[in-house]
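Chemist: Quick one: the structure is below, and I'll ask about it shortly.
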Amino acid sequence: MATIIDGKKISTEIKDELKEQVKILKEKNIEVCLCVIQVGADPASTIYVNNKKKACEYVGIKSLSYELGEDTSQDELLELINKLNKQNDVHGILVQLPLPKHIDEDKIIDAISPNKDVDGFHPQSVGRLSIGKKGFVSCTPAGIVQLLKRYNISMEGKECVVVGRSNIVGKPMAMLMLRENATVTVCHSRTKNLSEVTRRADILIVAIGKPKFITNEHVKEGAVVIDVGMHRNENKKLCGDVDYDEVIDKVSAITPVPGGVGPMTIAMLMYNCVESALM
């Protein structure tokens, strides 16, 4: 019987731990503050931003919100970020992606102070991760490591296959698994004989962006499967990159969609905010 890895439960545990830390910081007159900037009214982005605000409220973090019009210029956005970088009472700055097409996302990410980069996207944060130094780690990969640790799933010496090479999930995930002493293979759209590679995995982490792409033939008996995908199927029900129903009897542990990796991303964002205030 496969273990269903409950991201909701673990994320609540982490947020409850953070709540205590935030309380202690308040006693020292430090109020943890996250500033979220949204440009335009993308419906998915609005949902994510609201979820982040709710998490801040739960943990006791002050939440500042800038909801800017679709026609906001790149210079106006850079000016706002520069102002927030200088504010000592703002500990974390998050610009909700995607941005409108006329704004260069890389320039915006680069403009955020590495000390307030709670998303872990700044090149300096990524560089520190790659050489094993302390710094902010992209929230989804950090959340996955927490899930594995809190379910006592050892990563050391394990064969780990990451499917997907994005800057936000795939690449930092591979580096974090190396940090945990796993042997790591990264697969992507040009990988030949994908199922042969994924079947070697003791831990299979899938962030490929294709609904139910990973099936029985891709999974080794007894593997741990972490599904980062989030889609709606033909019946408008949420599903992941992994065909959950097809692999459930073959794996030893798996994250469901929803309720697996998703809640962990926001929990780790809260964690990074508290870390920033402790700097």
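Chemist: What do you reckon, is D119 among the charged types (D, E, K, R), closer than 23 Å to G143 by Cβ and not in a helix (DSSP H, G or I)?
Modeler: yes
Chemist: So, in region 93-116, exactly how many residues are part of a loop (DSSP other than H, G, I, E, B) and under 17 Å from the mean Cα position of the chain (by Cα)?
Modeler: So the answer is 3.
Chemist: Do we find that E246 is touching a Lys or Arg at 6+ places or on another chain (Cβ under 9 Å), farther than 30 Å from C56 by Cβ, in the same structural domain as L148 (by TED's automatic domain parsing) and free of Cβ contacts under 8 Å to residues at least 40 places away in the same chain in this structure?
Modeler: yes
Chemist: Residues in region 185-203: is at least one within 20 Å of T3 (Cα to Cα), modelled with pLDDT of 95 or more and either within 18 Å of the chain's Cα centre (by Cα) or in a strand (DSSP E or B) (or both)?
Modeler: There is at least one residue in region 185-203 that is within 20 Å of T3 (Cα to Cα), modelled with pLDDT of 95 or more and either within 18 Å of the chain's Cα centre (by Cα) or in a strand (DSSP E or B) (or both).
Chemist: Also, quick follow-up: Could you check, for region 134-141, whether at least one of its residues is surrounded by fewer than 16 Cβ atoms within 10 Å (Cβ to Cβ) and over 14 Å from the mean Cα position of the chain (by Cα)?
Modeler: Taking every residue of region 134-141 in turn, at least one turns out to be surrounded by fewer than 16 Cβ atoms within 10 Å (Cβ to Cβ) and over 14 Å from the mean Cα position of the chain (by Cα).
Chemist: Sticking with this one: With the structure loaded, tell me whether I208 is buried (at least 22 other Cβ atoms within 10 Å of the Cβ), assigned to a loop (DSSP other than H, G, I, E, B) and touching a helix residue (DSSP H, G or I) at 6+ places or on another chain (Cβ under 9 Å) or whether it fails that test.
Modeler: yes
Chemist: Just checking, which of L147, L178 is closer than 21 Å to G262 by Cα and not hydroxyl-bearing (S, T, Y)?
Modeler: Going through L147, L178 in turn, the sole match is L147.
Chemist: Quick check on this structure: which one of G143, G164 is modelled with pLDDT of 95 or more, on the phi > 0 side of the Ramachandran plot and not hydrophobic (A, V, I, L, M, F, W, C)?
Modeler: After ruling out the rest, the residue left standing is G164.
Chemist: Answer yes or no as to whether D75 is of a type outside the set (A, V, I, L, M) and surrounded by fewer than 19 Cβ atoms within 10 Å (Cβ to Cβ).
Modeler: Yes: the conditions hold for D75.
Chemist: Those residues that are of a type outside the set (V, I, T) and closer than 15 Å to A277 by Cα, I need them from region 95-119; list them, please.
Modeler: Residues satisfying the conditions are S113, P114, N115, K116, D117, D119.
Chemist: If you take the residues of region 246-262 that are touching a helix residue (DSSP H, G or I) at 6+ places or on another chain (Cβ under 7 Å) and farther than 19 Å from R150 by Cα, which of them is surrounded by the most Cβ atoms within 10 Å (Cβ to Cβ)?
Modeler: V247
Chemist: Hey, among the residues in region 1-20 that are of a type outside the set (D, E) and surrounded by fewer than 18 Cβ atoms within 10 Å (Cβ to Cβ), which one's farthest from M268 (Cα to Cα)?
Modeler: Here is the first cut: in region 1-20, the residues of a type outside the set (D, E) are 1-5, 7-12, 14-15, 18-19.
Then drop every residue that is not surrounded by fewer than 18 Cβ atoms within 10 Å (Cβ to Cβ), which leaves 1-4, 8-9, 12, 19.
Values: M1: 29, A2: 25, T3: 22, I4: 20, K8: 12, K9: 14, T12: 11, K19: 13 Å.
For region 1-20, the residue satisfying everything is M1.
The values are calculated or read from the model by the stated rules, or taken from the named source; none is laboratory data. For clarity, every value in this text was computed on a predicted model and none was experimentally measured. Every residue, glycine as well, gets a Cβ built from its backbone with ideal geometry; the counts of neighbours run over all protein chains shown.
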